[in-house]
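Worksheet for the structure shown next.
The values are calculated or read from the model by the stated rules, or taken from the named source; none is laboratory data. A quick note: this is a predicted structure, and the numbers were derived from the prediction, not measured. Cβ placement follows ideal geometry from the backbone for every residue including glycine, while neighbour counts extend to all protein chains displayed. All accessible areas refer to the heavy atoms of the entire protein, side chains included, with ligands and DNA or RNA removed. Shrake-Rupley method; radii C 1.70, N 1.55, O 1.52, S 1.80 Å.
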Amino acid sequence: MALDAGERFVGPMPMDLFLSDFIPKAPKERPKTEFVFAHPSVSQNEDEFIQAIETSGFCPQLKFINTTSQQDGPFRLKPDISIYSGTRSDDHATTRSENQKSLNWRAIDLWVENKNHEDDIFRDLEKMKEEEKEDRDLESHIEWTQSSYRICGQLVAYASALHRSQFRVFSFSIVLFGDTGRLLRWDRSGVIYTEPFDWATEHDTLFEFIWRLNFLSDVDRGFDTTVTSVADDEAEAALSKLRTYQGLENVERMDLHKFIVYDDRTMDESPRSYITPSAIWPTEALFGRSTFGYIAYDLTSTSLVYLKDFWRTDYPGIQKEGDMYRELHNAEVPNIAALGRAGDVPLSPQHANTVPLDAQRTKTQDYVKGGVLGYRWCPGRPRVDPYVHYRLVLETLGQPLNTFRSTRQLCEVIRDAIVAHTVAYEKAGILHRDKLIKDVDEEPRQHSRTGTWQFISIERLREPRFRPHQVSDDLESFFWVLLYQIAKCRNVRNVDFSKAMQDVFDQHTDLDRDGVVRGGSGKLSCLRDTYLDRITVYDLVRTPCRAILEELRSLFHDFYHHVPSNTDLSSDAQLMLTANREQDPRVREAREKLCSSEWILAMTELRPDPSASRQRRKRKAADSDDGLTFNQRRKGRLPPSSTKPSRDSRAIQGHRSSFTGAKGQNSAHRRSRSLRSNAPNGTRPSSSSKLRYTNGL
């Protein structure tokens, strides 16, 4: 976490510019009272520092609390000083914190961390400029040592806890290093830090910042004012409906908030309000998309919906997710959730009708050298991207994927997703690129690219920058989703797979000199039966799902044949392995199967399993007069054709009856031709076609 965050610090920003750009002047002058504090450092002297500030009289609306020993429950964190605002609407939380002197992340306005003078983690500006002139790679603004690594991680953890606990656009914090200090501004793009200032002898800088805080509006302090409290009558109606959803049976009144969602296609209409409890899918990520998923009560329709709150990447040419849903529905792509409303989040409810919309945006990226504002006090090229706050409502409400009742149901759900992927690609030229499993039981850790790290294909993990995204990448992601769910949810004997899961799904390198994190070696080892091998899968699942998993493992094993786990090879060795891979018939056959989803759809066409027990056997579906099979009648199903199985299929011979035979082949070819005829220009998009990508559907 610390190393990744180290690439997102932008500075050192001049103090006068920081104050003028981010902290509007107070309506009256700061009192010229004396500040009496005899110690050279606040560290270990927090109580005396707080008393001196309170005596000075320049923080009438702020309450400073010593929380050095008040570790909170959920995050187990304790900043040295917590600052609460007396103007916050959450007065009961503030009062509770004042009376008990406890740490309450839901009520903190900003926090202060105290370190010694030698603990300043930031590099000297002149040295960074000199390094940049010498064309040396300026990797980070942090002077990495064991101590700075710990302190940087600590600061990021505090900011992350605050943004997870509150509805925030940005936040401020203060870090004091002995007799010097720095101000920090955090948003989803990165962190702006100031030049050091001597607060111990020159009080004006720090105390002017604190004085102005007293008079800032909620918007200027970084709060998202489009999320409000819930009226009693609204809460009563919402609770009765929300408690019918599995997992929300015990939701309480105090857990509720009201979100306002605007639709960018109908900005002339009034916004619609949705009441939600805590997120069922929270994120630990401070930077990036930072997606939160909520089960929400629609005050207008009185139904339950899914509300997705996240920060979309704000680059030209990247389509908004709501527009992508509209396009998918216009193309009649099956198995896609119904879209309700979608649009950017306005800066405040009062900014909703501005044209163009004054939306909540990150600002850190504007201060990078070469950015919009053109400042040159920030050496190097910090890895910061622009983001805009976005909300989307889906009227189709599902259940978490890890609540599947049988492995057959799990395979059917994933197969439905592959069908949607196929139709979206063939009829609209859209690749998904992001198998975000928002209903998995934990937040996947991401490493600065589009997609969920655990499910990204091996080739994209190995070379994330230059290799074009292909159909095979999405199909491989479906395999990793299936294996992940089986390993997480079918471990009935409680075998400790944590090490194997981490080695396969979380393996990654440190940031290289280009600021890139790579991975894939753990997944290669899985395909080669080192981690989560066939014996492990055999112990986890005895249904035909095991055969599907091993057939897919065999397919991707052949696809990555001759790909080395070690990327640190000589150019001659790499050329030799590349040539061997191009000439290997197994690799060519695997590539042919993965150029479309037809082979996988055929292989995963589930049939009744003759080895299943009589007690668990499903009742046979009734015959119909239309002559179609059950799977052909299911909405959104593509009856696949039968193809020759892969060579390496010895491990699944006992389950051959669970796959499609020749039956249904002609109808599959007819369906395939029909899809191709409806594709743009009447042809199937080739791998060289210009594709558009969706993120996070």
*Could you identify the single residue in 408, 415 that is open to solvent by 30 Å² or more (accessible area, probe 1.4 Å), in contact (Cβ under 8 Å) with a residue 60 or more places away in the chain and not small (Gly, Ala, Ser)?*
408
*Qualifying residue in the range 557-567 (condition: of a type in the set (Asp, Glu) and either outside any helix (DSSP H, G or I) or touching a Ser or Thr at 6+ places or on another chain (Cβ under 6 Å) (or both))*: no
*Does at least one position in the range 583-594 carry a residue that is farther than 20 Å from residue 482 by Cα and at pLDDT below 90?*
no
*Test residue 200 against the criterion of being hydrophobic (A, V, I, L, M, F, W, C) and within 30 Å of residue 15 (Cβ to Cβ), and give yes or no.*
yes
*Across the range 568-594, what is the number of residues that are small (Gly, Ala, Ser) and within 18 Å of residue 472 (Cα to Cα)?*
1
*Give the range 505-553 a look and list any residue that's assigned to a helix (DSSP H, G or I), more than 19 Å from the chain's Cα centre (by Cα) and closer than 27 Å to residue 464 by Cβ, or say none.*
521, 522, 523, 524, 525, 526, 527, 549, 552, 553
_Can you pull out every residue in the range 89-112 that is modelled with pLDDT under 90, in a loop (DSSP other than H, G, I, E, B), open to solvent by less than 30 Å² (accessible area, probe 1.4 Å) and under 23 Å from residue 212 (Cβ atoms)?_
90
*Can you give me the number of residues within the range 219-256 that are closer than 18 Å to residue 394 by Cα and either outside any loop (DSSP other than H, G, I, E, B) or touching a Ser or Thr at 6+ places or on another chain (Cβ under 6 Å) (or both)?*
3
*For the range 568-601, which residues satisfy the criterion of being farther than 29 Å from residue 417 by Cβ, surrounded by fewer than 14 Cβ atoms within 10 Å (Cβ to Cβ) and of a type in the set (D, E, K, R)?*
568, 572, 582
